[in-house]
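Note sheet for the following structure.
The values are calculated or read from the model by the stated rules, or taken from the named source; none is laboratory data. These figures come from a predicted structure and were not determined experimentally. Note that we place each Cβ from the backbone using ideal geometry, even for glycine, and neighbour counts take in every protein chain shown.
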Amino acid sequence: MWLKKENMEGLENVEGKEEAKNVDSTKIAIPCVGQATLQARVSSHFGQCDSYAIVTVEEGEIRGVEQMLNGGHSDCTSPVRALAEKEVSVMLVEGMGLHPYLFSRNLGSRSDVE
């Protein structure tokens, strides 16, 4: 699965911008193959991706994109926990095991599975 260009309009030049610190902002995690960018291929397995693109959306607009490497984990909930520590509230996934899915729900995150 690839990030679709029609869904990414206006996102090309947001990388490196300072994140907005607004109560109404939402952070979305996208598992990526290779380096986490908006042009990266989306990983088919959430916990086995190379990195995560963390997209900050505020008032319907992209305010920032940061990278988080998936440095390996001791259990299948570790990536979910690390993303929660970065205040991610939505995870876009193509594949995710039941245990990390339920764990993310218990933390209050929304996991959208395609």
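Would a scan of region 73-95 turn up a residue that is out of contact with any strand residue (DSSP E or B) (no Cβ under 7 Å at 6 or more places or on another chain), of a type in the set (Val, Ile, Thr) and either modelled with pLDDT of 90 or more or closer than 17 Å to Cys32 by Cα (or both)? Yes, region 73-95 contains at least one residue that is out of contact with any strand residue (DSSP E or B) (no Cβ under 7 Å at 6 or more places or on another chain), of a type in the set (Val, Ile, Thr) and either modelled with pLDDT of 90 or more or closer than 17 Å to Cys32 by Cα (or both).
Put simply, of Glu6, Glu61, Glu66 the only residue that is among the acidic types (Asp, Glu), surrounded by fewer than 19 Cβ atoms within 10 Å (Cβ to Cβ) and modelled with pLDDT under 85 is Glu6.
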